[in-house]
Amino acid sequence: MTPSRLRQCGALTARLAIGLTIGFLLHYLLYRLSLPVQPFIYVAF
Amino acid sequence: MTFPKLKALVLLLAIPIGFALAVRLGREAEGYAKPQKFIRLHYGISPESLYYLPFSMLENVALARWAPGKTIVIVAGNSILNGYGQAEPDVWTLRLQEELGDRYVVVNLAFRGALPYEAGALVAESLLRRNYPVVLVSNTSPGTVGRVAGNAYGYLYYDALYKGRLFNHPARDANIAEWEATATPAVRAEQDELRRAARLDANFHFQALWHHVGYRHLFTTWNSRSSPQFWQPRASAKDDLPVAPPLAERFRTELASELAITRGFSVNLAEPDGSGSWRILGPPAEIVSDLIDDMIPPKMRRHMVMLLTQNAPFYRTRLTPTELARDNLVFSAYEQHWRKHGIAGHIVGLDFTDEDYYDRSHLAATGGRKLARLTADYVRQLAPP
């Protein structure tokens, strides 16, 4: 595999990992938003 | 397709895939996630520290102990049955398990401040609906029933409701709708929010997954009770509920206010009958009657023991004879009231001593042992499930 092809594969893998992480974060966000406490904007991370 | 477009496409496709993976993990967590070596709900695993256990976790605690041939005894109710005042090894439900023996599995799902048919009680309903042999033990004071929704643990009602865990009981739905119609806009908005969250969770299963993560790995929400190390997994939280000090150090809170609370158990529930005695007031009894009918499905009632928990003699003996007569009348009348609805009501604490109490209402270890003996008898008296 040429170095440029290797870089492209790395970039695609990185996008895949970022996308999966964003998906998990959206799921986590539902949990945080639905905690029956103060409005989300006031909740300290 | 150009490479930048391909990268964007991979990113966009990976987002829903990641979300779907999380949903799948959440659905699986609903089947297994639960606190380990569970004895009771202490501060580390309760809403007081923002740990809002999902309904599935409570069910899993009970089901993990069950085996064919055994009856599950769910202990619901408030801090008195939670064992507030008893050290973890002395919690009264451990003694209840010893009294009842191997044919029963006792699970303490009492939440501090819960109403008699709230939170843990709904777990018993769910298990009965799924045909598990169940006995529900709960407690209250005369005149208190309340609703399954609208209080601190109302989120569990919506959680159970939208996951199809509860009996169809139209009177309950109608009662809650009627209550909401007359509630303030803020209360209505809060209930709407809880319902939306529960509906979303029924589809996306985020509560089970992230509470499991918070229990086993990392808790992500700051809160004052577990600050500064709020991120510690809740599995490492110790049961640090208060324990009764030596007798000489108890009952030191302000006598007048505690006596007022003791009087308050009966003051609005009876009136003088004109001949130097008392009679039960009609309207509060009717409200209690309606709430029992509306909140508790008929199928549950013959599986229930409702304990009417008395106050410590330190306070009761300081009532005037007239007040004491009213107190006795009210407790007896409401005990009968529960029985009229097919629920085994029992007054407990009348023969307990000051040593048995941690404070006005909560029990020390000796009181817990007495309560366990009494409750074991009441549970055995119920018809076999």
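Quick look at the numbers
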item	result
Qualifying residue in the stretch B:33-45 (condition: within 13 Å of B:Gly120 (Cα to Cα) and either more than 8 Å from every other protein chain (Cβ to nearest Cβ) or surrounded by 18 or more Cβ atoms within 10 Å (Cβ to Cβ) (or both))	yes
Which numbered condition B:Ser141 fails, given (1) within 14 Å of chain A (Cβ to nearest Cβ); (2) in contact with a strand residue (DSSP E or B) (Cβ under 9 Å, 6 or more places away or on another chain); (3) of a type in the set (Ser, Thr, Tyr)	(1)
Evaluation of B:Pro228 against (1) surrounded by 11 or more Cβ atoms within 10 Å (Cβ to Cβ); (2) over 25 Å from the mean Cα position of the chain (by Cα); (3) more than 30 Å from B:Tyr334 (Cβ to Cβ) (one fails), failing number	(1)
Of all residues making up the stretch B:334-385, the number that are aliphatic (A, V, I, L, M), buried (at least 21 other Cβ atoms within 10 Å of the Cβ) and assigned to a loop (DSSP other than H, G, I, E, B)	2
Residue among A:Pro36, A:Pro3 that alone is modelled with pLDDT under 95, at the interface with another protein chain (Cβ under 8 Å from one of its Cβ atoms) and either touching a helix residue (DSSP H, G or I) at 6+ places or on another chain (Cβ under 7 Å) or exposed (fewer than 15 other Cβ atoms within 10 Å of the Cβ) (or both)	A:Pro36
Residue among A:Gly19, A:Gly23 that alone is over 27 Å from B:Leu194 (Cα atoms), at pLDDT 90 or above and within 7 Å of chain B (Cβ to nearest Cβ)	A:Gly19
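The values are calculated or read from the model by the stated rules, or taken from the named source; none is laboratory data. Keep in mind that what you see is a predicted model, and the values were worked out from it rather than measured. Heads up, the Cβs are rebuilt from the backbone with ideal geometry, glycines too, and the neighbour counts pull from every protein chain shown.
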